[in-house]
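Structure incoming, see below.
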Amino acid sequence: MTKPDVGAERFGRVVVVYGGASAEREVSLISGSAILASLKRSGVDAIGYDLAESGLPGLQALAPDRVFIALHGGVGEDGTLQGALSLLEIPFTGSGVLASALGMDKQRTKAVWHNAGLPTPESLTLNAASDWQSVCETLGLPLIVKPVHEGSTIGISIVESPEALEAAYRDASRFDAAVMAERFVQGPEYTVSLLGDSVLPAIRVEVPSGFYDYEAKYLSNETLYHLPCGLSSEDEAALGDLSRRAFEAIGAKGWGRVDMMRDADGQFWLLEVNTVPGMTDHSLVPQAAAHAGVGFDALVLRILESSLNAAREI
């Protein structure tokens, strides 16, 4: 991969939008600060803006020529901000309205994948009146409970009994009104990052506790990221192709990340898409890019470059 052949002045004034009010605010602040510092190192006229300060009017007042979206969760990833910027005719990084909304909704993403013939574990929507025993019998144990519209594994629990399922549902519902249960795939976890037309090297994530939760993602120094991932070249190529197909199925573009598990039979199972992945020192996209020879500053410019001529679609 080559460094983008663009002058910093071509981008005009870039506003890095981060923070916000979602449950992933703290991670977003770290991602946004890293992106902002990188853009300044590259000579880009860039400023940072916390969306929680004055909302969209405050962003408009900064008169951006383009916006680098570094919000995780909430209005930054669910298509709301993308729609507002589209109406204002302000170019932005990453996916458009539809792909952002789908990517933030795990259940609808899985429905799209299912209809496209892509492998994703069976799941059920939960509510307070769910028959916990029936859910366990349908999906099998253990299973995993997730808020449908949160990222960073916030509110996620592994469940091994019907009694634990009800408690896990109540915990997840603190973060989201929509909660799902999904068949748990036992095996190694992989993640594949996409950058423009490129599929970056796959990463195998290994967590001593066995659960890649919020602490393992952002706080622990014990989580292991295997690069190369240990797959054969044929299997890694197949994984990359599956990731690209999953990414394109929801209409995602620019950059993002696809997460999946591999079972004992060697089958890969798609879990979710991240249309605005983290850019912290623990994050996976920068690690994969670095392994492919793309340093952090070059990565940030490549992502920003995607906003120059991106056609926005609903």
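Rounded to whole Å, give me the distance from the Cα center of the range 57-136 to that of the range 20-42.
Cα centroid of the range 57-136 versus Cα centroid of the range 20-42: 19 Å apart.
Once the dipole of the chain is set up with Lys and Arg at +1 and Asp and Glu at -1 on Cβ about the Cα centre, which of 242, 56, 283 lies farthest towards its positive end?
56
Using a basic spin-label model with each label point 7 Å from the Cα along Cα→Cβ, how many nm lie between residue 263 and residue 13?
Simple spin-label model gives 5.4 nm for this pair.
Quote the FRET efficiency, to the nearest 0.05, computed for residue 54 versus residue 26 with a Förster distance R0 of 35 Å and r equal to the Cβ-Cβ distance.
Given R0 = 35 Å and the Cβ-Cβ separation, E is 0.95.
Using a basic spin-label model with each label point 7 Å from the Cα along Cα→Cβ, how many nm lie between residue 167 and residue 241?
Label at residue 167, label at residue 241, 4.5 nm between them.
Tell me, what is the per residue accessible area of the range 7-75 in Å², probe radius 1.4 Å?
In whole numbers, the range 7-75 has 39 Å² accessible per residue.
Roughly how many debye, to the nearest 20, is the charge dipole of the range 106-207 about its Cα centre, given +1 on each Lys and Arg Cβ, -1 on each Asp and Glu Cβ, and no other charges?
Computed charge dipole of the range 106-207: roughly 280 debye.
In whole angstrom, how long is each semi-axis of the equivalent ellipsoid of the range 1-117, when you take the square root of 5 times every eigenvalue of its Cα gyration tensor and sort them from largest down?
25, 18, 14
Here is a further query. To the nearest 0.05, what FRET efficiency results for residue 118 and residue 62 with a Förster distance of 35 Å applied to their C-beta separation?
Step by step, r from the Cβ atoms, then E = 0.30.
What is the mean projected area of the alpha carbon convex hull for the chain, to one decimal in square nanometres?
Across all orientations, the chain yields a mean hull projection of 15.6 nm².
Now for a separate question. What do the square roots of 5 times the Cα gyration tensor eigenvalues come to for the range 161-213, in whole Å, largest first, as semi-axes of the equivalent ellipsoid?
30, 16, 10
For the chain, which span is the longest to avoid every loop-located (per DSSP) member of GluC sites (Glu not before Pro) having at most 15 other Cβ atoms inside 10 Å?
Answer - 223-312.
Suppose the Debye formula is applied to equal point scatterers at every Cα of the range 47-95; what is log10 I(q)/I(0) at q = 0.17, 0.21 Å⁻¹?
At q = 0.17, 0.21 Å⁻¹ the computed log10 ratios are -0.43, -0.69.
At 0.36 nm per residue, and after removing the present C-alpha to C-alpha distance, how many nm does the segment from residue 174 to residue 248 gain when stretched out fully?
Fully extending the segment from residue 174 to residue 248 adds 23.5 nm.
Compute the accessible area per residue over the range 226-280, keeping the other protein chains in place, probe 1.4 Å, unit Å².
Using a 1.4 Å probe on heavy atoms only, each residue of the range 226-280 averages 37 Å².
Turning to a different aspect of this structure: With springs only between Cα atoms under 10 Å apart, run a GNM on the chain and tell me which of 302, 170, 66 wobbles the most.
Among 302, 170, 66, the largest mean-square fluctuation in the Gaussian network model of the chain belongs to 170.
Then there is this: When the accessible area of the chain is split by element with a 1.4 Å probe, what percent falls to carbon and sulfur?
About 50 percent, which is the carbon plus sulfur part of the accessible surface.
The values are calculated or read from the model by the stated rules, or taken from the named source; none is laboratory data. Predicted model, so just to flag it, every value in this text is computed and none were measured. All Cβ positions, glycine included, derive from the backbone under ideal geometry; neighbour counts span all protein chains shown. Protein only, heavy atoms only, side chains kept; ligands, DNA and RNA dropped before computing areas. Shrake-Rupley method; radii C 1.70, N 1.55, O 1.52, S 1.80 Å.
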